[in-house]
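Trainee: Dropping a structure here in structure tokens format, bear with me for questions.
The values are calculated or read from the model by the stated rules, or taken from the named source; none is laboratory data. A quick note: this is a predicted structure, and the numbers were derived from the prediction, not measured. Counting neighbours? That spans all protein chains shown, and the Cβs are built from the backbone with ideal geometry, glycine included. The protein model used for the area step is the full one, side chains on, heavy atoms only, and it has no ligands, DNA or RNA in it. Shrake-Rupley method; radii C 1.70, N 1.55, O 1.52, S 1.80 Å.
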Amino acid sequence: SQLELVAVYPNLSEEDPILLTKDDLARLEEGGHLNCTLINYRLRFFQEGLKSLDPEMFERCHFFDSVFSMMLMQTMRADMSAKEREAAYQEIIAPGPAKRWTKHVDLFSKDYIFVPLHLEDQQWSLAVVCRPGLWAQQQTNMTTSRFSNGGRNAVSAPAAAAGAEVSEPAADFSGILYLGPLRLPPSSPGIMKLKWYLEEEYKYKMSHRTAAASSSAEAP
């Protein structure tokens, strides 16, 4: 059977292990198409390696999986009003099968957020949000919805060759790096959906911080 389990990564004792079947491995053959399981496996492989080699850097990163990505792409729409976009965000973070993705994580205290994206061309790619806290502050301070940050626009670049070294961005850089087989404009629907999600997440986190600070100040 193609659904026969052939591998588990890292192992069954770990939280949320990746279960690989014959069907998953068959997709790696020429002409095959990657699925959510393979994307999650590759990201998890990278996470485990980073955790082992550089624990400090690992703590500075946050990784979303393909389930989050698919829900984001299906929930956010380009024709939404600001109010509808806020409602879509609440649907994404609602408890239940989708869980509250970042309930115990402050994305904006991280240096890097990794998000697999299944875009309109039906190919998987990767977005890396660099210095999300600085990026969100700059977006909030802007008077237009232009997708940029202080003159530094989101960067669209072809995927790096396997095994190629990727240098850490300059300390003053913040933005969204897109790594994929095709160059996409910053206004691409998939990239914009990620941007809208991050803006809503930032507003949500800031409102809760303000409320918590007010409660602390009022306490005897």
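Trainee: Looking only at region 10-54, filter to residues that are part of a helix (DSSP H, G or I) and farther than 20 Å from VAL115 by Cα; which one of those is most open to solvent (accessible area, probe 1.4 Å)?
Mentor: LEU53
Trainee: When you scan region 64-88, how many residues do you find that are closer than 19 Å to PRO116 by Cβ, out of contact with any Leu (no Cβ under 6 Å at 6 or more places or on another chain) and surrounded by 14 or more Cβ atoms within 10 Å (Cβ to Cβ)?
Mentor: Counting residues in region 64-88 that are closer than 19 Å to PRO116 by Cβ, out of contact with any Leu (no Cβ under 6 Å at 6 or more places or on another chain) and surrounded by 14 or more Cβ atoms within 10 Å (Cβ to Cβ) gives 11.
Trainee: Okay, next question. Say whether the condition of being within 30 Å of LYS22 (Cβ to Cβ) and open to solvent by 70 Å² or more (accessible area, probe 1.4 Å) is met by at least one residue in region 107-115. Can you show your working first?
Mentor: As a first pass, look at region 107-115 and keep what is within 30 Å of LYS22 (Cβ to Cβ): 114-115.
From what's left, open to solvent by 70 Å² or more (accessible area, probe 1.4 Å): none.
No, region 107-115 contains no residue that is within 30 Å of LYS22 (Cβ to Cβ) and open to solvent by 70 Å² or more (accessible area, probe 1.4 Å).
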